[in-house]
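Reviewing the structure listed below.
Derivation of every value follows stated rules applied to the coordinates shown; laboratory data play no part. What you are looking at is a predicted structure, and each value in this text was computed from that prediction instead of being measured. Heads up, the Cβs are rebuilt from the backbone with ideal geometry, glycines too, and the neighbour counts pull from every protein chain shown.
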Amino acid sequence: MALQDLRPMMERCSSCSGCKFIPFEKIQSVRFAENCPSIGYYNFHTYAARGRFQLSQSVLDGRTELTETVTEAIHSCTSCGLCDVTCKITRYNLEPLAHNLEQKAYAVEKGAVLPAQKTIMETLAKENSMIPGTKKKNRTDWAKDLNLKDLFKEKGEIAFFAGCKYSYDEKLQKTAQDAVRILQHAGVDLGYLGAADNCCTGRAKQMGYFKEFDKGANTNIKAFEKAGVKTIVTPCSDCYNSFKRQYAELGMEVEVLHVVEYIERLILEGKIKFSKSVPMTVTYHDPCHLGRQGEKFEAWEGIDKKIFNQIHIYEPRKPRYNGIDGVYDAPRNILKAIPGVNLVEMERIREYSWCCGAGGGCSQTLPEYSAWTAGERIAEANSTGADALVTACPWCKDNFTDAEDEDGNKMEVLDIIDLVHKAI
Amino acid sequence: MALAREVYQAFEDIVGNRNISEDIGVCETYRSIPSQTSAHYGPSKEWTPLPQAVILPGSTEEVQNIVKICNKYGIEFKAGSTFWATMAYIGGDNAVQLDMRRMKSIEIDAKNMAAVVEPFAIAGTIQAEAMKVGLNVQIPGVGCSSSTLASSSGWAGFGPASIFMGANPENLLGAEWVLPNGEILRTGSLGSGDGWFCGEGPGPSTRGILRGIFGPAGSMGVCTKIATRLHPWPGPKQFRTYGKAPAYKADFGDNFKCYTLCYPDWESWARSVQYFHESDVLYIGHRQFNMFGRNLKAFMLNIITDPEKQLSDLPELLKDPEIQKHNDNMKHDYQVVIAGMTKRDMEYKEKAIDYILEQTGGWKHEMMLEKEKHDYALAYMTRLGHKNLNYVMCGAYEGTFGLSGNVWKTIQVVEEASAQKRKWETEHTCIAATGGDSAMGGVSSLGGGGATGWEFFTNFDSYELESVQGTSDMVDENQAFHNKYAFGPDFCRWNSDVRHVNGYSYTQEEHDEMFAKAPQPWIYAYQYKIREAVNPNHLCGSYLRTLSPGKLEGK
């Protein structure tokens with residue numbers, strides 16, 4: 001697929017503004033009605049999906065060059081996919097997210113990238129990590145004392161995959177360690193890839209580096225196969241999306257579970273029991289790549305055809321990712337099962353959840369904008385009266401931790417694993 | 001031609017460097033492409049002119065200062081909010097585009113049943129804020145992603161709820177208006193310092209200038225704030241829904257009902273509409289789902305109300321005899337919503353509907369009484385959040401014919417218009433073949449009941465040149481139909497006298513030639529005088545229809 005191949009999609013967009021708001025039926029207030037961080041921050045129409053469609057038309061027609069402003073506009077999409085959900089409320093054949101990623105890939109191919117992206121990609125090439133300053137040799141240090149099986153040396157079927165953020169970020173490593181301990185305590189026989197544990201490269205794809213993603217993904221798929229892995233468990237939502245959606249597209253057939261799915265399963269099986277009360281009111285943030293982008297990949301091969309002269313259909317029926325089958329209930333069921341926890345909801349939840357701002361590499365490449373995006377969520381979380389904001393992704397948690405709303409208010413931010421650990 | 005540095009700097013000094021751009025990529029996204037949206041001057045693949053800069057003002061004062069700079073240097077400007085309609089875009093080369101996105105505040109005055117709103121306050125957000133205090137706002141037929149300020153002060157602004165709430169020009173309770181010369185005019189009671197309660201005074205009235213079905217469409221400066229009348233909402237304080245995307249469904253309680261009312265023929269259809277105009281029963285009344293066409297509407301309703309279905313299911317659904325029967329039963333139909341202010345009020349309205357159906361031989365459509373379809377239609381009609389299904393079939397649509405007026409006039413010609421469209425569906429391939437009749441619109445475009453506001457939805461593929469051109473050719477032929485009945489311009493050509501097909505404004509000489517021969521030319525001469533008084537430098541395009549007084553025949 002190339003950007004030019006999406007030209008019909010660009011020209012069939014009708015400029016309705018659906019890409020600027022959450023689904024209209026879900027709007028409860030003017031304050032939390034909008035859906036797109038990039039137009040929210042930069043304000044120009046250019047930054048909404050419609051503007052991006054139009055920008056691509058102009059670029060492909062040769063009227064627009066990839067200026068510094070255009071480059072920033074293209075890469076400011078957090079790849080959160082909310083415009084994709086809202087567009088599909090009324091349009092069955094437009095896929096803004098696929099377009100935005102392809103637009104980034106086009107820019108990358110033309111050398112129109114952000115300075116920080118270069119550093120990140122150099123780190124990926126040299127150290128197999130998305131976090132500059134980290135070293136491959138330290139990647140599994142976080143797991144030293146956990147009795148995780150090296151699946152290349154010992155037999156096992158379940159691989160725990162922490163991902164770059166949990167592996168390297170010292171503030172977050174304890175959460176990954178607790179996740180492992182919770183699962184082990186419930187009797188799960190966990191292993192990991194040891195020396196073959198590498199970046200999932202999902203964020204590279206989110207930034208438009210498709211070739212690098214393919215290379216990393218294919219290496220990892222082979223590693224999982226060689227190690228005999230049947231199930232991958234990850235606490236990282238970005239990794240989850242990579243494995244469940246992107247790797248599946250490349251042919252991987254391994255079961256993929258986010259930790260929240262596994263914990264929910266173990267609660268239902270009676271293998272995790274809570275003995276302590278955690279008296280607090282919390283609100284839950286749905287990570288984009290666990291929620292609306294956490295839907296299962298379905299292979300499709302077919303054609304786009306017209307009936308009744310001009311009505312577009314797919315033959316056979318094409319899977320339609322509109323976000324509704326993402327992982328939404330598992331984290332909520334866990335929170336409801338923890339004694340003392342009172343869950344209150346924000347206005348923008350589930351398939352129309354606001355992005356944390358870290359996606360698309362933006363927390364590393366455009367930090368001011370990313371922090372504003374997180375601050376918007378902090379404002380929304382504070383409006384619920386909750387004591388803490390809970391999430392299930394290290395990128396989200398990290399981005400929220402120091403974020404402030406427009407009045408300078410912060411909020412306690414917890415990983416859902418932290419809460420589960422407190423209650424056991 | 002880039003703006004002179006001193007001019008750009010002057011704009012930047014007003015809004016700050018974050019809120020202005022002359023980057024080619026940014027400016028290119030502020031060009032309208034009439035095949036990709038509804039332009040009302042015919043679909044074409046031309047792009048409107050490229051602005052020299054895009055400016056995002058954040059306050060009335062900033063708008064005023066921008067306008068003063070434009071006057072000083074002779075630069076055209078135009079303000080847009082949602083950038084849906086082509087009328088929001090500039091019409092010349094030496095022009096800047098104002099994007100009003102930063103101005104989106106909503107202040108609800110519950111006691112006086114009004115909302116004071118800025119340009120980027122869309123109808124969906126105003127409704128959400130109004131519902132918190134038991135009030136509602138009239139949402140134009142175009143849908144809730146439209147700017148209420150624009151539909152009140154610049155264009156038609158009528159919709160499904162107009163029978164109960166009036167059209168938005170009727171709801172305008174005053175405006176804060178930066179005139180094209182940079183002066184600020186506060187209209188109605190606001191202008192005399194008495195607040196936003198009456199659009200006509202005490203204080204300056206601008207009836208006939210800011211409002212009307214052919215409003216100034218942004219060609220007379222920038223309205224930075226308006227007050228719009230709000231109306232009773234006897235439902236929940238939040239727009240409560242259930243169900244999976246994209247088929248969200250309403251959960252409003254027992255005092256709301258949405259019916260699809262059907263009739264054996266157009267005569268009984270029209271009689272029922274007349275009864276509803278007289279009876280004050282309806283909260284909403286609209287021929288909505290016929291937008292999918294007479295042959296397909298029941299099948300499309302089975303798709304859009306089911307989150308698992310998609311257009312690819314249409315061929316299989318078309319084989320279902322039960323749905324075909326439902327489709328046959330809704331040939332002459334429209335949707336209504338009744339809202340009970342009290343239990344007794346609801347009972348009365350239910351009885352009134354039953355009585356009208358009895359008098360006219362009509363019926364409630366059975367399929368649309370199924371709970372999920374009922375609740376979907378209720379959510380759809382109340383918020384108009386799914387209005388962009390207009391585009392679902394092909395990617396683009398234009399409204400043609402535009403049989404707006406007395407309902408008895410409409411029904412005399414609706415079948416002839418349907419046959420003409422059907423001929424294009426069967427003899428050509430440029431438009432979707434949906435069954436000829438795709439007439440949709442309000443059972444009243446005025447508060448209390450009155451003229452209908454109809455258009456025939458005509459779906460085409462904006463990507464395919466032949467489809468775009470063929471649709472335009474069809475509208476040309478439809479214009480002959482309009483000429484035969486003296487209906488004026490076809491809906492699709494409503495703006496063809498204010499902007500060239502290539503997106504450029506008309507010159508005064510071109511307008512003089514058009515309007516000297518038009519019916520009631522004094523109107524255009526009057527508008528010329530108004531424009532000369534407040535827009536002497538002609539800086540906002542040619543959407544205001546004007547005729548040089550010296551060109552009036554006989555003068």
Run through the DSSP bridge list for chain A and note the antiparallel percent, rounded to the nearest 5. 20 percent
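Taking a temperature of 20 °C and a viscosity of 1.002 mPa s, what whole-number D in µm²/s does Stokes-Einstein yield for the stretch A:125-268 with Rh from Kirkwood over alpha carbon pairs? Before the final figure, lay out the partial values.
Working: Rh = 15.1 Å.
It comes out at roughly 142 µm²/s.
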Return the long-range amide H neighbours of A:ILE272 (sequence gap of 5 or more, or a different chain), with a cut-off of under 5 Å between placed amide H atoms. A:ILE267
Rounded to the nearest 10 degrees, the helix B:521-534 long axis (Cα) sits at an angle to the longest Cα principal axis of chain B of 50 degrees
Cα principal axis extents for the protein assembly as shown, largest first, Å: 100, 70, 57
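Can you pull out the chymotrypsin sites (Phe, Trp or Tyr not before Pro) in the stretch B:158-200 whose DSSP state is coil and whose Cβ has at most 12 other Cβ atoms within 10 Å?
Numbers: sites: B:PHE158, B:PHE164, B:TRP177, B:TRP196, B:PHE197; in loops: B:PHE158, B:TRP196, B:PHE197.
Qualifying residues, ordered by number: none.
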Hey, which lysines would be in cross-link range of B:LYS551, C-alpha to C-alpha under 18 Å, not counting anything within fewer than 8 residues on its own chain? B:LYS517, B:LYS529
Top positive-direction residue, dipole computed over the protein assembly as shown with Cβ charges, set B:SER35, A:LEU3, A:PHE152: A:PHE152
Expressed in angstrom, Rg and Dmax over the Cα atoms of chain B are 23.4, 72
State which entries of A:LYS276/A:LYS336; A:LYS174/A:LYS226; A:LYS26/A:LYS422; A:LYS88/B:LYS132; A:LYS305/B:LYS325; A:LYS318/B:LYS319 exceed 23 angstrom in Cα-Cα distance in the structure shown. A:LYS174/A:LYS226; A:LYS26/A:LYS422; A:LYS88/B:LYS132; A:LYS305/B:LYS325
For each of B:ASP490, B:ASP254, count neighbouring Cβ atoms within 10 Å of the residue's Cβ, then give the residues from fewest to most. B:ASP254, B:ASP490
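Can you check what the Kirkwood hydrodynamic radius comes to for the stretch B:60-149, Cα pairs only, in Å to one decimal? It would help to have the intermediate numbers written out before the result.
Details: mean 1/r = 0.0690 Å⁻¹.
Every distinct Cα pair counted, the radius reaches 14.5 Å.
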Treating only the Cβ of Lys, Arg, Asp and Glu as charged (+1, +1, -1, -1), what charge dipole size does the stretch B:372-478 show about its Cα centre? Round to the nearest 20 debye. 520 debye
Place a +1 charge on the Cβ of each Lys and Arg in the protein assembly as shown and a -1 charge on the Cβ of each Asp and Glu, then give the dipole magnitude about the Cα centre in debye, rounded to the nearest 20. 1020 debye
Can you tell which of A:TYR168, B:THR48, B:TRP424 lies farthest toward the positive end of the dipole of the protein assembly as shown, using +1 and -1 charges on the Cβ of basic and acidic side chains (Lys, Arg; Asp, Glu)? A:TYR168
Among A:ALA217, B:MET474, A:MET207, which residue has its Cα positioned farthest towards the positive end of the charge dipole of the protein assembly as shown, with +1 placed on the Cβ of Lys and Arg, -1 on the Cβ of Asp and Glu, and the dipole taken about the Cα centre? A:ALA217
Where does helix B:371-383 land angle-wise versus the long Cα axis of chain B, in degrees 0 to 90, nearest 10? 20 degrees
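What percent does the relative contact order of chain B come to when contacts are Cα pairs within less than 8 Å and at least six residues apart?
Values: 1294 pairs, mean separation 92.9, N = 555.
Relative contact order comes out at 17 percent.
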Taking chain A as the region of interest, what is the percent of Cα-Cα pairs per 20 angstrom bin, listed from the shortest bin to the one with the maximum distance? 27, 59, 14, 0
List, in order, the whole-Hz ³J(HN,Hα) value for each residue of the stretch A:289-298 obtained from phi through the Karplus relation with A = 6.51, B = -1.76, C = 1.60 and θ = phi - 60°; use x for Gly and Pro. 7, 9, x, 5, 9, x, 6, 5, 6, 10
C-alpha center-to-center spacing [the stretch B:400-475, the stretch A:224-249] in angstrom: 52 Å
Only loop residues by DSSP count here, and only those with at most 10 other Cβ atoms within 10 Å; note down the GluC sites (Glu not before Pro) in the stretch A:119-176 that meet that. A:GLU170
Measure nothing but the geometry: give the 0 to 90° angle between the long axis through the Cα atoms of B:266-279 and the longest principal axis through the Cα atoms of chain B, rounded to 10°. 70 degrees
In terms of modelled amide H atoms, which long-range or inter-chain residues lie less than 5 Å from the amide H of B:ASN136? B:HIS231, B:TRP233
Simple Cβ-charge dipole of chain A, Lys/Arg +1 and Asp/Glu -1, about Cα centre, in debye nearest 20: 740 debye
Tell me, what ³J(HN,Hα) does each residue in the stretch A:299-311 have, in order and in whole Hz, if you take phi through Karplus 6.51 cos²θ - 1.76 cosθ + 1.60 with θ = phi - 60° and put x for Gly and Pro? 5, 8, 9, x, 10, 9, 9, 10, 10, 6, 6, 9, 7
Semi-axes, largest first, in whole Å: what does sqrt of 5 times each Cα gyration tensor eigenvalue give for the stretch B:106-232? 21, 16, 12
Residue by residue, what Karplus-based ³J(HN,Hα) values in Hz, rounded to whole numbers, does the stretch A:158-164 have, using 6.51, -1.76 and 1.60 with θ = phi - 60° and x for Gly and Pro? 10, 9, 8, 10, 6, x, 4
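Would you order B:SER162, A:SER353, A:SER58, B:SER59 from fewest to most other beta-carbon atoms within 10 Å of each residue's own beta-carbon?
Sorted ascending by nearby Cβ count, the order is B:SER59, A:SER58, A:SER353, B:SER162.
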Given backbone amide H placed at 1.01 Å from N, residues whose amide H is under 5 Å from that of B:LYS225, ignoring those fewer than 5 places away on the same chain, are B:GLU176
Please compare each pair in B:LYS104/B:LYS244; A:LYS205/B:LYS45; A:LYS20/B:LYS387; A:LYS306/B:LYS421 to a cut-off of 25 Å on the Cα-Cα distance and tell me which ones are over it. B:LYS104/B:LYS244; A:LYS205/B:LYS45
D_trans [Stokes-Einstein, Kirkwood Rh over alpha-carbon pairs] for the stretch A:283-331, 37 °C, 0.692 mPa s, µm² s⁻¹: 254 µm²/s
For a quick check of your reading of the filter: which chymotrypsin sites (Phe, Trp or Tyr not before Pro) in the stretch B:457-555 sit in a DSSP loop and have no more than 16 other Cβ atoms within 10 Å? B:TYR485
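Given the rule -39500 (n - 2.57) for each run of at least 4 DSSP H residues, summed and divided by the residues of chain A, what is its mean residue ellipticity at 222 nm, to the nearest 500 deg cm²/dmol? Mind dumping the intermediate values first?
Numbers: 18 runs with 171 residues, N = 424.
Computed mean residue ellipticity for chain A: -11500 deg cm²/dmol.
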May I ask you to list the aspartates and glutamates whose Cα is less than 19 Å away from that of A:LYS126, ignoring any residue fewer than eight positions away on the same chain? A:ASP141, A:ASP169, A:ASP197, A:GLU212, A:ASP214
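Could you line up A:ILE334, B:ILE303, A:ILE232 from fewest to most neighbouring Cβ atoms inside 10 Å?
Values: A:ILE334 28, B:ILE303 21, A:ILE232 25.
Ranked by crowding around the Cβ, least crowded first: B:ILE303, A:ILE232, A:ILE334.
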